[in-house]
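Everything below concerns the one structure shown next.
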Amino acid sequence: MNALPPLPTCCTPLNASWPLPDALPHTCWRSTRFNPGQLSADDFQRSGIVAPPSIQRSVAKRQSEFLAGRLCARAALWQLQQLDWVPPIGDDRAPIWPSHISGSITHSTGHAAAIVADKQHWQALGMDLENLLASERAANLADHILTPAELQRRDLLPLEQQALAVTLTFSIKESLFKALYPLVLKRFYFEHAEVLEWTPEGRVRMRLLTELSEEWHLGRELEGQFAVEDDQLLSLVAIKA
C-alpha cells in the first residue's frame, strides 16, 4: 500500500498542526472536521474502513464520527510507522491498537482527532474532546463530576471561569481514564481522581483518589494539558515509557 484512500466528502483534509501547549516528541496527531449531513452510503467502503455492526445500525452522526476518528487514527499510524491499521472496537468498547502502539481517539460535535506513539516512548495516551458547558449546565453537573475539594476550588474562581473549570475537570478525567485503563484494566470514575490545579496556559495537575495498581496508587500525581478552540476543549494525558 503506497497511499491511503482519498477522504470522503464528509471530512475536511486532515490537520497535523499540534493543538496543545506542550508538543509530545515521538507522537503523531491528526484531526478533521466532519459533517454528518454529507455522509454518503458508500463512504466506509470507499475509505477502506469496515463499520462494525453497532455502527452500521446507528444514525449518521454516530457513523460519521466513528469514520472520522478512524480516518485520523489510520493516517496517524501510517505517518508514524507506515502501519495500515484501522483500530477495531474491543469488548470493552476501547479501540484495539497494534501491540507495540499506544493511542487515543476522540470526537465531539463535528470534530475528530487521534494521537499515536510507539510504546517505547509513550506507554499510554488518553485524549478527550468536549463542547464547552454553558454556565447553567455546568452548575447542574458539577456535583456529579467534581469532588468536594474541587467544588471548593471552583467556588473561589471568577464566575466566568467556573463553567470552564467544570468542563476541564470532566474532560481531563476522561483523558485520565483512557490513559490508565489499558495499564490497570480497572474501571474508575469521576470521584476517583481530582484536579489539584490548572493554569490558563493549559497545564493541569491531578491526583488519584483510589488504588488502581502498585504503580498507580492512591495519592499518585499526574500532569495533563488542555486547549480551548471554537467552543471546544481538548485534553490530553500522556504516560511516558
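Rg/Rh for the chain stands at 0.97; both radii use Cα atoms, and Rh follows the Kirkwood definition. Working from label points 7 Å from Cα in the Cα-to-Cβ sense, the Asp22 to Ser135 distance is 3.3 nm.
Each Lys or Arg adds one and each Asp or Glu takes one away; over the other residues whose Cβ falls under 13 Å from the Cβ of Pro25, this sums to -1.
May I ask you to derive the relative contact order of the chain, considering only C-alpha pairs under 8 Å and at least 6 residues apart, and to give it as an integer percent?
This gives 18 percent for the chain.
Straight Cα distances below 25 angstrom link Lys186 to the lysines Lys119, Lys173, Lys178, Lys240, with same-chain residues fewer than 8 positions distant left out. Annotation: amide H-H contacts under 5 Å for Leu39 (H modelled 1.01 Å from N, sequence separation of 5 or more, or interchain): none. Within segment 27-120, the ratio Rg/Rh, alpha carbon atoms throughout and Rh by Kirkwood, equals 0.95. Placing dummy labels 7 Å off each Cα toward the beta-carbon, the span from Lys240 to Ala41 is 5.3 nm.
What list do you get for Leu151, Leu7 if you sort them by fewest beta carbons within 10 Å?
Numbers: Leu151 15, Leu7 19.
Fewest to most other Cβ atoms nearby, the residues stand as Leu151, Leu7.
Largest GNM mean-square fluctuation among Leu218, Leu71, Leu129, using the chain with Cα springs under 10 Å: Leu218. Each part reduced to its alpha carbon centroid, segment 191-223 and segment 73-129 end up 23 Å apart.
With n ≥ 4 as the cut-off for DSSP H runs, can you work out [θ] at 222 nm for the chain, using -39500 (n - 2.57) per run divided by the number of residues, rounded to the nearest 500? Don't skip to the end; give the middle numbers.
Working: 6 runs with 76 residues, N = 241.
Helices in the chain give a 222 nm mean residue ellipticity of -10000 deg cm²/dmol.
No value in this document is a laboratory result; all are computed from the given coordinates. From a predicted model like this one, the values you see are computed outputs, not experimental measurements. Note: ideal-geometry Cβ built from the backbone for every residue, glycine included; neighbour counts use all protein chains shown.
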